[in-house]
Structures are given as C-alpha cells and as structure tokens.
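Below you'll find the structure, written out as structure tokens, and then a few comments.
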C-alpha cells in the first residue's frame, strides 16, 4: 500500500456491502456517461469539420477565403461558447473530416477512440501509417498519451523495419505503462469535466481486492487508492 493510499471505513450503521454496491452503480453510470460524451464530441467535431469544408466549396476558391472563414468563425463561436473554438481547433476539425469522411464506416470499426486520439492521428501524413495507428490504438486500448508517444517515436516504422518485433513491442509497453494506468484521462478535458460532474475525482475505476483488509479498491487518476474496509 502506498503512502498516498487511503483507507475508507463505512460510516456508523452503514453496511460495507451496501456502500460498495452504491459505488459500483455510480462508477457504471460514469462509464456509460464517458462513452456517451466521447461519442457526442467525436460526432460533433466531425460534423463541424464537414460543414466548414462544405462552406469552403461553396465559397470563393481562394486560400485567403478559407483562412478568413476560419478566423471569423473562431471569433463568432468564442463569443457564443467561450474557450475551445480557436482557429487551430477549427482547422483540426476540418482536417478530421477531410481525412475521415466516412463517419459511419470508421466509427463502427473504432468506436472506443476519443477525439484526443483523432487529434493525434490527423498529424500523421502517411495514410497507411495513420490507419495502422488508428486500428492498433482501438485494438490495444491505447489512451491518447500512448498514441502520441508511439507516433512521436515512429513506432509503426520501427516495427516495419525490425526483423525482431517482440523487443520493440516490449519496449513500447514499458515506456507507456504509466500512461496506460490513466484509463479515464479523457475526462480531464475541462469541457467534459463540466459536463459530467458525477464524482468529485476526475477518474475512479474499480479494482479487485488487493489486501485482506479490503473488499473493494478504487484507483484515481492521481494514483491514489481507496480501500473500503470490511
């Protein structure tokens, strides 16, 4: 047990099994909410990008027009919604649609990927590498920090060129182990955090008992563990 871990004893008169059941219900609700919020964000940003491209195609065919369109849209959306719709973000939404135009097809293949994954994927110029990173991130449940690291370290190309792939794979897993422990990093996005304040901590996930004194262990994004006493 780490120094930052915390032992939680049920309040007087409160059955520990009852408390653990309630916590499990809330955690399940949060997981469902995470998925719903994530899918909504991905679909919304894709649709915004699609509409920007459509407007560009109907407008003047000049580079200056596209630049001015993004700039004016950013200012207007900031007036309405506040932070979050910078010119850089709007360009990312546009590029998202351009690179992934068939929403229903690719979303059915990788429904577990978040906007932060796609934000990284659109920086990959090589279509084959981009598709490989997308499919691998979905299949291996990479979070966005792991994906960022693997793109930055040219993981795809190193695997492609290596005759002995296992050491390369093992090194990647060791380098990203800390990232992968943060399973709900997505909720740290301030927009999502405001939308889903179900629990005060940004991420709590159930784990199996680790010691004889606990019936349930919860791990937070800050790596603190909370043990519920029997």
Residue under evaluation residue 56, criteria (1) loosely packed, with under 13 Cβ neighbours inside 10 Å; (2) in a helix (DSSP H, G or I); (3) at pLDDT below 90, criterion not met: (1)
Conditions (1) more than 29 Å from residue 36 (Cα to Cα); (2) modelled with pLDDT under 50; number of the one not met by residue 223: (1)
Residue match in region 146-161 (condition: under 14 Å from the mean Cα position of the chain (by Cα), modelled with pLDDT of 75 or more, closer than 18 Å to residue 123 by Cβ and outside any helix (DSSP H, G or I)): no
Selected residue [at positive phi and either outside any helix (DSSP H, G or I) or modelled with pLDDT of 90 or more (or both)] from 29, 13: 13
Condition met for residue 83 (exposed (fewer than 14 other Cβ atoms within 10 Å of the Cβ), at pLDDT below 95, part of a loop (DSSP other than H, G, I, E, B) and more than 18 Å from the chain's Cα centre (by Cα)): yes
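The values are calculated or read from the model by the stated rules, or taken from the named source; none is laboratory data. Please read these numbers as outputs of a predicted model, since none were measured by experiment. Because the Cβ atoms are built from the backbone with ideal geometry, glycine has one as well, and the counts that use them run over all protein chains shown.
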